[in-house]
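Take a look at the structure below.
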Amino acid sequence: MGTEISHYRTIVLGATFTGLGAALEDIDGTLVIERTALVGHEFINSFNPGRGWNDTPLSTSGASLREELRERGILSDDGLVHLPALAPVLYNRIYESGLRVFLLTEVLHVEEKHDYVEVTIHHASGRSVVRADRLIDTRTEAVMDADKTARRINAMLLYVGETPLDAVMPDAFVVPDAETEIVKGKLGGELILKLAIGNEDDWVQARSNLNRVWTDRTGEWLDWRICAVATCFEIEMAACNSSGEGRIQRLTSAAYCNPLEAYEAGIEATGRKVS
C-alpha cells in the first residue's frame with residue numbers, strides 16, 4: 001500500500017514575513033516549507049530594517065504584530081527597530097499557533113496539476129511529496145536577476161572610540177566610487193552600513209567590495225568597527241507579486257518596504273480585506 005500524500009489548502013514556500021503572514025491566517029490548512037532554520041531572514045539576516053514602518057495600512061492581525069513589537073521594546077514609535085529581536089517573536093507565534101513549518105527542507109520540484117499543486121521536498125526524513133490547492137512562493141532565491149532593481153550587502157557597526165557616542169554619532173558614510181547608506185537601529189549606537197553591489201556579484205566579490213570600502217574610511221569612522229556582516233543580500237524589486245491566475249503565486253517578501261508591509265501582504269493574499 002502506498003503512503004498517503006498530505007494535501008493542504010495552501011503551501012507557502014519560505015518562512016518569510018510574507019509567508020508567515022499568509023500562513024497564520026489559515027493555520028489548519030497551511031504548510032510552510034523553509035530551506036534554512038531561520039524565519040524572517042530576508043530582512044533580519046540581511047540587516048535590512050526597511051523604511052516606512054508607520055506608513056503601512058494594517059489589518060487586525062498586522063496591527064497586533066506591530067503592537068507586540070512596541071510592547072516588547074523592539075519597535076519605537078518613530079519606526080526604528082532592533083532587527084535581531086524580531087526572530088524570537090516570529091518563532092513564538094509559530095509555536096503558540098501550532099502552525100506546520102518544515103525547516104531545513106529543500107524544494108526539489110514544483111508542478112502545477114489540473115486541480116492541485118504538487119511539491120517534491122527533501123529533509124531529514126528523506127524525499128516526499130505534498131500537495132495543495134494553491135502555492136505562494138515568497139522566497140528571495142526564486143527571483144530572477146532581471147527582476148532585481150537593487151542589491152546590497154550590509155554590515156552592523158560597533159563604536160570603539162573614547163568620546164561619548166552622543167557627541168560623535170555620524171549619519172553619512174562617503175567613500176569614492178561606492179554607493180553607501182547608513183541606517184539607524186532602535187538601540188543607541190546601532191548603525192548599519194549598506195553597500196550597493198551588482199546583480200552578478202557573488203559572496204566573495206561582495207565581501208571583498210565591502211572590505212575595500214571599509215578600509216578606505218576616514219575621519220570619524222576610524223573609531224568604528226564592523227562587528228557582523230549580513231548572511232543574506234538585501235534586494236529591491238520593481239514588482240512584488242505575480243498575477244492571480246493559476247494555482248501558483250509569487251509574492252516575494254524581500255521586495256516590500258519593511259517587515260510589517262511584507263507581513264501584511266501575506267495576510268492580504270489570503271483574501272482578507274486590509275483596513
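The values are calculated or read from the model by the stated rules, or taken from the named source; none is laboratory data. Predicted model only: the values in this text are computed from it and were never measured. Neighbour counts are summed over all protein chains in view; Cβ atoms, including those assigned to glycine, are modelled from backbone coordinates with ideal geometry.
The number of residues in the range 192-211 being within 27 Å of GLY161 (Cβ to Cβ) and either touching a helix residue (DSSP H, G or I) at 6+ places or on another chain (Cβ under 6 Å) or at pLDDT below 95 (or both) comes to 1. Entry remark, the range 109-135: residues being within 20 Å of GLN249 (Cβ to Cβ) and surrounded by fewer than 16 Cβ atoms within 10 Å (Cβ to Cβ) number 8 in total.
Condition check: touching a strand residue (DSSP E or B) at 6+ places or on another chain (Cβ under 9 Å) and either modelled with pLDDT of 95 or more or part of a strand (DSSP E or B) (or both). Does VAL110 satisfy that?
Values: touching a strand residue (DSSP E or B) at 6+ places or on another chain (Cβ under 9 Å): yes; either modelled with pLDDT of 95 or more or part of a strand (DSSP E or B) (or both): yes.
Here the answer is yes, as VAL110 does meet what is asked.
Being in contact with a helix residue (DSSP H, G or I) (Cβ under 9 Å, 6 or more places away or on another chain), within 30 Å of ILE182 (Cα to Cα), buried (at least 17 other Cβ atoms within 10 Å of the Cβ) and touching a residue at least 40 places away in the same chain (Cβ under 8 Å) holds for only one residue in LEU99, LEU80, LEU157, and it is LEU157. Residues in the range 1-54 that are farther than 20 Å from ALA142 by Cβ and among the charged types (D, E, K, R): 6 in all. Among the residues of the range 162-183, those identified as under 27 Å from the mean Cα position of the chain (by Cα), farther than 16 Å from LEU222 by Cβ, assigned to a loop (DSSP other than H, G, I, E, B) and not small (Gly, Ala, Ser) are ASP171, GLU179.
Residues that are part of a loop (DSSP other than H, G, I, E, B), within 22 Å of ALA228 (Cβ to Cβ), among the small types (Gly, Ala, Ser) and not assigned by TED's automatic domain parsing to the domain that holds GLU181: does the range 81-93 have at least one?
no
Scan THR215, THR140 and give me the residue that is more than 18 Å from the chain's Cα centre (by Cα) and β-branched (Val, Ile, Thr). Write out each step before concluding.
Working: THR140 fails: more than 18 Å from the chain's Cα centre (by Cα).
Only one candidate passes the filter, namely THR215.
Quick check on GLU179: is it surrounded by 17 or more Cβ atoms within 10 Å (Cβ to Cβ), out of contact with any Cys (no Cβ under 8 Å at 6 or more places or on another chain), acidic (Asp, Glu) and at pLDDT 85 or above?
Details: surrounded by 17 or more Cβ atoms within 10 Å (Cβ to Cβ): no; out of contact with any Cys (no Cβ under 8 Å at 6 or more places or on another chain): yes; acidic (Asp, Glu): yes; at pLDDT 85 or above: yes.
Spelling it out, it is not the case that GLU179 is surrounded by 17 or more Cβ atoms within 10 Å (Cβ to Cβ), out of contact with any Cys (no Cβ under 8 Å at 6 or more places or on another chain), acidic (Asp, Glu) and at pLDDT 85 or above.
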